[in-house]
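The values are calculated or read from the model by the stated rules, or taken from the named source; none is laboratory data. What you see is a predicted model, and the numbers here were worked out from it, not measured in a lab. So basically every Cβ, Gly included, is an ideal-geometry build from the backbone, and we count neighbours across all protein chains shown. With ligands, DNA and RNA removed, areas are computed over all heavy atoms of the protein, side chains included. Shrake-Rupley method; radii C 1.70, N 1.55, O 1.52, S 1.80 Å.
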Amino acid sequence: MSKEILLGDEAIGLGAIHAGISGVYGYPGTPSTEIFEFIERKTKKNGDVHAFWSTNEKVAYEEALGMSWAGKRVLVCMKHVGLNVAADAFMNSAVTGTNGGLVLAVADDPGMHSSQNEQDSRYFAQFALIPCFEPKNQQEGYDMMLEAFELSEALEIPVMVRLITRIAHSRSSVDTVEALPQNPLNPSKEIKRWTLLPNNARVQYKHLTEKQPELLKRSENSVHNELELRGTRGVISCGLVENYLRENLDEDHDLSILSIRQYPIPAEKVRTLVEHVDELLILEDGYPLVENTVRGLFGLIGTEVKGRMTGELPRTGELNPDLVRGALGLPKIEAAHSPSTNLALRPPSLCKGCPHTDSFKALNDALNTFEDPQVFSDIGCYTLAALPPLEAVHSCVAMGASIGMAAGAAHAGYSPAVAAIGDSTFSHGGITPMLSAVQQNVNLNVLILDNDTVGMTGTQRSMSTGRALDDIVHGTGIDPEHVRIILPLPKHHDQNVKIMREELAHDGPSVIIARRACIESIKGH
Amino acid sequence: MQKNIILAGVGGQGILSVAYVFDNAALDAGFYFKQAEVHGMAQRGGAVQSNLRYSDAKIHSDLIPEGRCDMVLAVEPLEVMRYWHYLKPDGWVVTSITPFVNIPDYPEIDTLLTDLAAFPNIVMVDTGHLARAAGNLRSQNMVTVGATSNLLDFTEEQLLKHVEGLFARKGEKIVAVNRKAFLYGRAAGAFFRALVDSGLDAFKAAKLCSKIKPETLAVEYAAAWVERLRNNGALLDTILESGSNVSAEGP
Ligand SMILES: Cc1ncc(C[n+]2csc(CCOP(=O)(O)OP(=O)(O)O)c2C)c(N)n1
Ligand code: SF4
């Protein structure tokens with residue numbers, strides 16, 4: 001046994017290594033990125049764990065499923081919105097079931113510190129009918145990984161471990177155990193279970209439903225679902241929110257508390273609590289999943305259920321000890337100073353010397369002959385061009401959506417239809433809409449910001465940069481005359497504006513690749 | 001015993017390095033600790049903070065409740081104001097007075113520092129001045145670590161060990177610069193407090209400290225400065241306007 005200082009993400013990574021994984025798959029995304037990076041770093045020397053970033057989360061999930069099929073333990077990790085991309089493979093993997101243990105670590109971002117939404121992955125676990133663990137601290141995150149792999153293999157089912165930003169990016173010390181050996185290669189020969197033709201799929205889906213009572217039983221008996229009955233005021237806390245509750249309580253408090261950290265929701269324990277109390281406050285980070293489930297459509301007779309839906313807690317955003325304190329009806333703690341008002345904000349911005357700045361300065365000038373031109377954009381450092389002083393882009397929805405949306409706008413008659421997308425976002429989700437636009441000969445202009453890396457998430461390796469990117473673009477069948485490469489530097493500004501104007505004037509699909517390496521990635525290498 | 005600290009600064013200023021030093025010192029000392037930090041978007045030049053807690057008993061929340069924070073430690077002066085409502089009534093502010101201006105509406109610096117100086121439990125150090133003297137402007141974060149070191153539960157050796165550990169990879173020269181930055185910060189923090197405790201206005205004390213040669217800093221000279229400035233109303237302005245730094249022993 002040894003002690004290490006670990007981020008929540010790193011504790012998950014180390015737990016997976018010690019559970020004997022043979023591979024980790026994923027696509028970067030805050031706040032999940034450090035899970036993969038930790039495993040990559042830790043196992044590099046021995047080289048016995050496959051660790052190579054995937055093109056996107058769907059690919060990552062499918063690769064993980066293949067490794068599970070082959071009998072080995074595997075971890076796949078992503079941020080919450082990544083699971084939307086992987087959802088097809090994910091949902092169906094619950095139906096096929098697994099062979100080697102497969103654990104999905106997914107990191108949600110309540111409060112949207114670095115995300116487009118705060119969707120709650122526990123719904124995905126419920127949707128797919130799979131179990132979900134939700135650790136309350138780094139130590140439990142580590143411990144749960146070993147359990148999650150055992151459960152996955154025992155019931156041949158994928159298991160989700162749900163993190164949120166606050167645990168993913170918080171450090172503490174963790175006691176660790178000896179690593180388990182990896183599984184031998186043992187491919188599944190159960191062809192019917194992996195071939196989801198309707199006849200097989202019906203059988204498999206029935207199997208999945210038949211696993212549910214056992215999952216529920218495990219939740220009811222889980223050491224992670226602790227019920228303590230005291231007075232007639234009750235609280236249910238989910239995951240790490242228990243910490244905010246305890247922060248506000250003395251040892252001799254009189255609340256009856258159920259802490260839920262393993263799903264499906266332990267119904268019997270909830271019932272015992274409900275029967276014991278007259279009012280029940282439900283604390284969960286993310287959506288009010290447990291709250292709405294417990295209350296049902298019409299509420300409970302004899303027990304008032306409170307939480308995000310009833311105003312005791314805000315409907316949206318991340319919880320914290322102060323919000324929980326307020327919901328408990330405790331007085332505010334006196335502070336040395338009142339909160340500052342009208343304080344200058346300090347939003348993030350592009351690095352000094354960032355190639356994106358030069359690309360967007362050129363684009364702004366190239367478009368200045370149009371009245372109020374709107375530019376569809378995507379997700380990455382370049383999204384910061386939406387803010388002053390550049391204010392060059394006007395949308396950011398989902399990885400790759402810039403191209404699809406520009407195409408749709410062009411179909412509707414909007415011109416100029418311009419999409420701005422990063423190199424990694426392009427390989428993640430931009431290739432298919434690009435192919436579609438070229439094949440339909442849509443009048444759109446795609447600016448690909450090739451900075452040689454995945455900048456936003458910490459300069460990971462990009463799959464489609466340089467030559468590979470050019471080949472992919474040409475591979476869509478686009479007229480090579482309308483694929484232009486520019487060097488985004490202040491001294492090339494006029495020339496870059498000219499090239500952009502030429503392509504804006506072209507009626508049909510065109511691509512401009514702005515190619516210069518990210519400053520941060522140059523520093524790092 | 002429990003200490004709750006909010007580390008504040010701007011993405012890229014090295015808040016996480018500050019946290020590293022305290023985390024490891026806390027682990028060495030056998031304390032429980034938790035430290036929540038910011039990764040992602042905000043690290044690109046945005047406002048960043050880290051909540052750091054250590055204790056001899058188990059800690060629940062990763063986040064510090066309002067009114068329970070013992071210290072706001074800021075590598076940048078404006079950033080103090082984002083978090084000082086978390087401070088306990090007797091909590092401390094330890095801050096750099098060197099502004100990091102990357103926004104158009106940054107307040108006028110002397111107004112800002114005057115507002116900060118009105119806070120009674122404050123330590124103000126010119127991290128830019130001290131880090132430059134230590135040999136590298138990037139070591140401002142270690143200056144602030146030094147400046148706190150009289151207020152926390154670690155010895156100079158316990159902290160320095162991890163300042164060295166943090167930079168060991170980067171070679172001896174960088175280690176030496178950061179060691180020096182830490183020691184200058186420690187001396188400057190103590191000198192600033194000695195000036196204030198001898199009756200000098202905190203704003204003036206901060207301004208004076210930013211003109212003193214860091215290698216000469218010693219608390220025993222502080223009282224004489226307060227006396228000197230009292231007798232000569234124009235002295236501080238003369239020092240501030242002159243291009244050169246003065247010795248702590250006297251002009
Ligand atoms: C489905 C999904 N996966 C991952 C992310 C996280 N994410 C946001 S931007 C980005 C990478 C952007 O890289 P690139 O397109 O090369 O642009 P750069 O940041 O380098 O400018 C990632 C991985 C996300 N928002 N959505
Ligand atoms: S990390 Fe790279 S791509 Fe992102 S803003 Fe900085 S220089 Fe630009």
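Scanning the range A:347-386 for residues that are part of a loop (DSSP other than H, G, I, E, B) and either farther than 23 Å from B:Tyr106 by Cβ or within 12 Å of ligand 2 (Cβ to nearest atom) (or both) yields a total of 19. When A:Ala505 is tested against the conditions (1) within 14 Å of another protein chain (Cβ to nearest Cβ); (2) surrounded by fewer than 18 Cβ atoms within 10 Å (Cβ to Cβ), the lone failure is (1). Within the range B:155-163, one or more residues are touching a residue at least 24 places away in the same chain (Cβ under 8 Å) and touching a Leu at 6+ places or on another chain (Cβ under 9 Å). Out of B:Gly40, B:Gly30, B:Gly12, one residue alone is without any contact (Cβ under 8 Å) to a residue 40 or more places away in the chain and under 17 Å from the mean Cα position of the chain (by Cα). It is B:Gly12. The residues on offer are A:Ala94, A:Ala64, A:Ala60, A:Ala105, and the sole one that is in contact with a helix residue (DSSP H, G or I) (Cβ under 9 Å, 6 or more places away or on another chain) and either assigned to a loop (DSSP other than H, G, I, E, B) or within 13 Å of ligand 1 (Cβ to nearest atom) (or both) is A:Ala60. Looking only at the range B:79-94, residues that are aliphatic (A, V, I, L, M) and either within 7 Å of chain A (Cβ to nearest Cβ) or surrounded by fewer than 24 Cβ atoms within 10 Å (Cβ to Cβ) (or both) come to 2 in all.
Among the residues making up the range A:356-377, a single one is within 20 Å of B:Gly46 (Cα to Cα) and either of a type in the set (S, T, N, Q) or more than 14 Å from chain B (Cβ to nearest Cβ) (or both): A:Thr357. Set side by side, the residues B:Gly9, B:Gly40 differ, and just one is small (Gly, Ala, Ser) and in contact with a Phe, Trp or Tyr (Cβ under 9 Å, 6 or more places away or on another chain), which is B:Gly9.
Exactly one residue among A:Ser462, A:Ser436, A:Ser427 is surrounded by fewer than 16 Cβ atoms within 10 Å (Cβ to Cβ) and among the hydroxyl-bearing types (Ser, Thr, Tyr), and that residue is A:Ser436.
Residue-level analysis places A:Gln119 among those that are farther than 28 Å from B:Tyr32 by Cα, in a loop (DSSP other than H, G, I, E, B) and open to solvent by 10 Å² or more (accessible area, probe 1.4 Å). Every listed requirement among (1) open to solvent by 10 Å² or more (accessible area, probe 1.4 Å); (2) under 27 Å from the mean Cα position of the chain (by Cα); (3) more than 14 Å from chain B (Cβ to nearest Cβ); (4) touching a residue at least 60 places away in the same chain (Cβ under 8 Å) is met by A:Leu216 save one, (4). The listed residues are B:Leu7, B:Leu16, B:Leu73, and the only one of them that is open to solvent by less than 10 Å² (accessible area, probe 1.4 Å) and within 22 Å of A:Ser114 (Cβ to Cβ) turns out to be B:Leu7. If only residues of the range A:454-480 that are within 12 Å of ligand 1 (Cβ to nearest atom) and away from every other protein chain (no Cβ under 14 Å) are counted, the one that is nearest to A:Pro355 (Cα to Cα) is A:Thr465.
Rundown of residues vs (1) without any contact (Cβ under 8 Å) to a residue 12 or more places away in the chain; (2) assigned by TED's automatic domain parsing to the domain that holds A:Thr96; (3) in contact with an Asp or Glu (Cβ under 7 Å, 6 or more places away or on another chain), yes/no style:
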position	(1), (2), (3)
A:Ser170	no, yes, yes
A:Thr176	no, yes, yes
A:Arg202	yes, yes, no
A:Val241	no, no, yes
A:Asn248	no, no, no
A:Pro266	no, no, yes
A:Arg271	yes, no, no
A:Glu275	yes, no, no
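Residues that are open to solvent by less than 30 Å² (accessible area, probe 1.4 Å) and acidic (Asp, Glu) were ranked within the range A:347-386; the one that is farthest from ligand 1 (Cβ to nearest atom) is A:Asp358. No other residue among A:Thr310, A:Thr293 is part of a helix (DSSP H, G or I) and away from every other protein chain (no Cβ under 11 Å) apart from A:Thr293. Given the criteria under 21 Å from B:Ile122 (Cα atoms), crowded, with 21+ Cβ neighbours inside 10 Å and touching a Ser or Thr at 6+ places or on another chain (Cβ under 6 Å), does B:Arg193 qualify? It is false that B:Arg193 is under 21 Å from B:Ile122 (Cα atoms), crowded, with 21+ Cβ neighbours inside 10 Å and touching a Ser or Thr at 6+ places or on another chain (Cβ under 6 Å). Listed conditions (1) open to solvent by 30 Å² or more (accessible area, probe 1.4 Å); (2) of a type in the set (Asp, Glu); (3) part of a helix (DSSP H, G or I) are all met by A:Glu251, apart from (3). Considering A:Ala344, A:Ala327, the condition of being more than 14 Å from ligand 1 (Cβ to nearest atom), open to solvent by less than 40 Å² (accessible area, probe 1.4 Å), within 30 Å of A:Gly239 (Cβ to Cβ) and at pLDDT 95 or above is satisfied by A:Ala327 alone.
Listed conditions (1) within 14 Å of chain B (Cβ to nearest Cβ); (2) open to solvent by 50 Å² or more (accessible area, probe 1.4 Å); (3) free of Cβ contacts under 8 Å to residues at least 12 places away in the same chain are all met by A:Gly413, apart from (1). The set of residues from the range B:216-249 being in contact with a Lys or Arg (Cβ under 9 Å, 6 or more places away or on another chain), within 26 Å of B:Arg179 (Cα to Cα) and not hydrophobic (A, V, I, L, M, F, W, C) comprises B:Ser244, B:Asn245, B:Ser247.
Just one of (1) surrounded by 24 or more Cβ atoms within 10 Å (Cβ to Cβ); (2) more than 23 Å from A:Ala87 (Cβ to Cβ) fails for A:Ala125. It is (2). Looking only at residues in the range A:439-459 that are more than 11 Å from ligand 2 (Cβ to nearest atom), in contact with a strand residue (DSSP E or B) (Cβ under 8 Å, 6 or more places away or on another chain) and in a loop (DSSP other than H, G, I, E, B), the one that is most open to solvent (accessible area, probe 1.4 Å) is A:Asn443. Considering only residues in the range A:78-122 that are β-branched (Val, Ile, Thr) and more than 14 Å from chain B (Cβ to nearest Cβ), the one that is nearest to A:Val241 (Cα to Cα) turns out to be A:Val106.
Residue pairs whose Cβ atoms lie under 8 Å apart, separated by 6 or more positions or on different chains, with the first residue in the range A:512-523 and within 14 Å of chain B (Cβ to nearest Cβ) and under 10 Å from A:Asn451 (Cα atoms) and the second near ligand 2 (Cβ under 6 Å from one of its atoms) and in a helix (DSSP H, G or I), are A:Cys518/A:Cys381. In summary, A:Arg315 fulfils each of the numbered conditions (1) crowded, with 18+ Cβ neighbours inside 10 Å; (2) within 33 Å of the chain's Cα centre (by Cα); (3) free of Cβ contacts under 8 Å to residues at least 60 places away in the same chain; (4) in a loop (DSSP other than H, G, I, E, B) with the single exception of condition (1).
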